[in-house]
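Since the structure comes first, as structure tokens, the remarks are kept for the end.
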Amino acid sequence: MQDPTPQPSPPAPGRPGGPEPDAPGPAPTAAGAAPPRGRPGSPTAPGSPTAPGPLAGFTVGITAARRAEELGALLERRGATVLHAPAIRIVPLPDDTELLAATKDLIADAPDIVVATTAIGFRGWIEAADGWGLGEELTARLRGVELLARGPKVRGAIRAAGLTETWSPASESMAEVLDRLLAEGVADRRLAVQLHGEPLPGFVEALREAGAEVVGVPVYRWLPPEDIGPVDRLLDATVARSLDAVTFTSAPAAAGLLERARDRGLLEPLLEALRHDVLAACVGPVTAMPLLEHGIQAVRPERFRLGPLVQLLCRELPARAGVLPVAGHRLDIRGHAALVDGELRAVPPAGMALLRALARRPGWVVSRAELLRALPGAGRDEHAVETAMARLRTALGTPKLIQTVVKRGYRLALDTASDSKYGENEGP
């Protein structure tokens, strides 16, 4: 299992790897979206005695079907609010007629080479074959072929089945596996390649172009979730910018979310959000491919694992938020909260809308009319700005952070030493 303004720099280009794994304090949500569930006592909880974690104040969406609880726990321990919406579901292996047909075919006509790409897939294949009464025949066939394993976890699954791999790349990269196969020659050879829910991009095609006969082994299939409601709520929250990041731990999950957005007529709004405001984070390069095809430059960790993915978010999200020196305090504006001198302050959605509008031009006066336009559903009454501003100041706990400029509007009280960054004269 491989798994992987200021804007974060795009990930360094990498070679395609193998299939990756699948890897909940109140937050603003889109209309009709249920608020994410928070864990009591987490760093995001008001009054928590612990210091806020690096993800405190941020809301992160999880699209994983597998290991979602593990990923959610890692994020929550670092302070994030989590919204889980599995974008896919896995067909149980014993019920998959395609796998049964492929297994019988390989037993009847042995391949020269078998490429195992995921540990869960290989184990599931052997277990399914056992359930069909074909386990001994399959393992006997696999003992007589060149067996390539895409990494240590796959290697462990192979050995647990009583088999021995011929070779495994140090990089855990399918690109390295492909290089080896092409270098040793595959013309007129029969290869079985374990798939991970959809064809491996470019891998099978390159082998066939080199003259190989390639048999795909669909060890598990991805289908849309039976309950589509959570996915729709995640889509609505992403389009409304109520999420700060969305994580992807498999290419089918990314493709599934895009497909659902297309079905609802939300594909372009979703892509616009992911390109500019909501960080797309993928566990590895294969997972990122459906997004890259739509121009989404998702970030990804160097090591294609859940832990490094969370560590990447711990760096990227605070860096995107930025910190401002305001009225002698340190103000860190996050997704649904603010940190004032390192203390987490929950801010209502209307207050966050005003705070972001003020932060776009720190130290400059922002008119009531402009702030009114930033308020969600505020209408035309500028009194709504005064009400929301009063609540914002109360939520921040330090009223002097925001100054009232009589007859003009409001401004963040940017420290004098920082004014030179934004020009000597205030805008109107």
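The values are calculated or read from the model by the stated rules, or taken from the named source; none is laboratory data. Quick caveat: nothing in here was measured; it's all calculated off a predicted structure. As a convention, Cβ positions derive from the backbone with ideal geometry for all residues, glycine included, and neighbour counts pool all protein chains shown. Note: areas computed on protein heavy atoms with side chains; ligands, DNA, RNA excluded. Shrake-Rupley method; radii C 1.70, N 1.55, O 1.52, S 1.80 Å.
Would a scan of region 83-94 turn up a residue that is surrounded by fewer than 17 Cβ atoms within 10 Å (Cβ to Cβ) and at pLDDT 90 or above?
no
For region 364-390, name all the residues that are at pLDDT below 90 and surrounded by 18 or more Cβ atoms within 10 Å (Cβ to Cβ).
Ala374, Leu375, Ala378
Say whether the condition of being at pLDDT 90 or above, among the small types (Gly, Ala, Ser), out of contact with any His (no Cβ under 9 Å at 6 or more places or on another chain) and surrounded by fewer than 20 Cβ atoms within 10 Å (Cβ to Cβ) is met by at least one residue in region 332-341.
no
Quick one: in region 89-126, which of the residues that are within 30 Å of the chain's Cα centre (by Cα) and of a type in the set (D, E, K, R) is nearest to Ile158 (Cα to Cα)?
Step one: of region 89-126, the residues within 30 Å of the chain's Cα centre (by Cα) are 89-96, 98-99, 115-125.
Filter once more, so that each one left must be of a type in the set (D, E, K, R): 89, 95-96, 98, 123.
On the way: Arg89: 25, Asp95: 22, Asp96: 21, Glu98: 22, Arg123: 8 Å.
Among them, the one singled out is Arg123.
In region 342-352, what residues are among the small types (Gly, Ala, Ser) and open to solvent by 20 Å² or more (accessible area, probe 1.4 Å)? Lay out the reasoning, then the answer.
Pass one, region 342-352, residues among the small types (Gly, Ala, Ser): 342, 346, 350-351.
Those that are among the small types (Gly, Ala, Ser) and open to solvent by 20 Å² or more (accessible area, probe 1.4 Å): Gly342, Ala346, Ala350.
Checking the conditions here, which among Ala140, Ala149, Ala170, Ala161 is in contact with a helix residue (DSSP H, G or I) (Cβ under 6 Å, 6 or more places away or on another chain) and either modelled with pLDDT under 90 or within 20 Å of Leu100 (Cα to Cα) (or both)? Write out each step before concluding.
On the way: Ala140 fails: in contact with a helix residue (DSSP H, G or I) (Cβ under 6 Å, 6 or more places away or on another chain); Ala149 fails: either modelled with pLDDT under 90 or within 20 Å of Leu100 (Cα to Cα) (or both); Ala170 fails: in contact with a helix residue (DSSP H, G or I) (Cβ under 6 Å, 6 or more places away or on another chain).
Being in contact with a helix residue (DSSP H, G or I) (Cβ under 6 Å, 6 or more places away or on another chain) and either modelled with pLDDT under 90 or within 20 Å of Leu100 (Cα to Cα) (or both) holds for just one of Ala140, Ala149, Ala170, Ala161, which is Ala161.
All but one of (1) open to solvent by 60 Å² or more (accessible area, probe 1.4 Å); (2) over 17 Å from Gly284 (Cβ atoms) hold for Glu176; state the number of the condition that does not hold.
With respect to (1) open to solvent by 60 Å² or more (accessible area, probe 1.4 Å); (2) over 17 Å from Gly284 (Cβ atoms), Glu176 is out only on (2).
Can you go through Ala281, Ala261, Ala253 and tell me which one is modelled with pLDDT of 95 or more and in contact with a Ser or Thr (Cβ under 6 Å, 6 or more places away or on another chain)? So that I can check it myself, show each step before the final result.
Working: Ala261 fails: in contact with a Ser or Thr (Cβ under 6 Å, 6 or more places away or on another chain); Ala253 fails: modelled with pLDDT of 95 or more.
The conditions single out Ala281.
Can you tell me which residue within region 207-226, out of those that are in contact with a Lys or Arg (Cβ under 6 Å, 6 or more places away or on another chain) and not in a loop (DSSP other than H, G, I, E, B), is surrounded by the fewest Cβ atoms within 10 Å (Cβ to Cβ)?
Filtering region 207-226 for residues in contact with a Lys or Arg (Cβ under 6 Å, 6 or more places away or on another chain) gives 212-214, 223, 225.
Okay, now just the ones that are also not in a loop (DSSP other than H, G, I, E, B), so 213-214, 223.
Working: Glu213: 16, Val214: 20, Leu223: 13.
This residue is Leu223.
Only residues in region 355-381 that are at negative phi count as the first member; pair them with residues that are of a type in the set (Asp, Glu) and outside any loop (DSSP other than H, G, I, E, B), Cβ under 7 angstrom, at least 6 apart or cross-chain, and list the lot.
Listed by first residue and then by second, the contacts come to Ala357/Glu370.
Looking at region 131-160, which of the residues that are surrounded by 17 or more Cβ atoms within 10 Å (Cβ to Cβ) and of a type in the set (Gly, Ala, Ser) is nearest to Leu106 (Cα to Cα)?
For region 131-160, the residue satisfying everything is Gly135.
Go over the candidates Arg66, Arg123 one by one and state the one that is open to solvent by 20 Å² or more (accessible area, probe 1.4 Å) and either among the small types (Gly, Ala, Ser) or outside any helix (DSSP H, G or I) (or both).
Answer to the check: Arg66.
Could you figure out which of (1) within 18 Å of Ala338 (Cβ to Cβ); (2) modelled with pLDDT of 90 or more isn't true of Thr398?
So Thr398 meets the others, but not (2).
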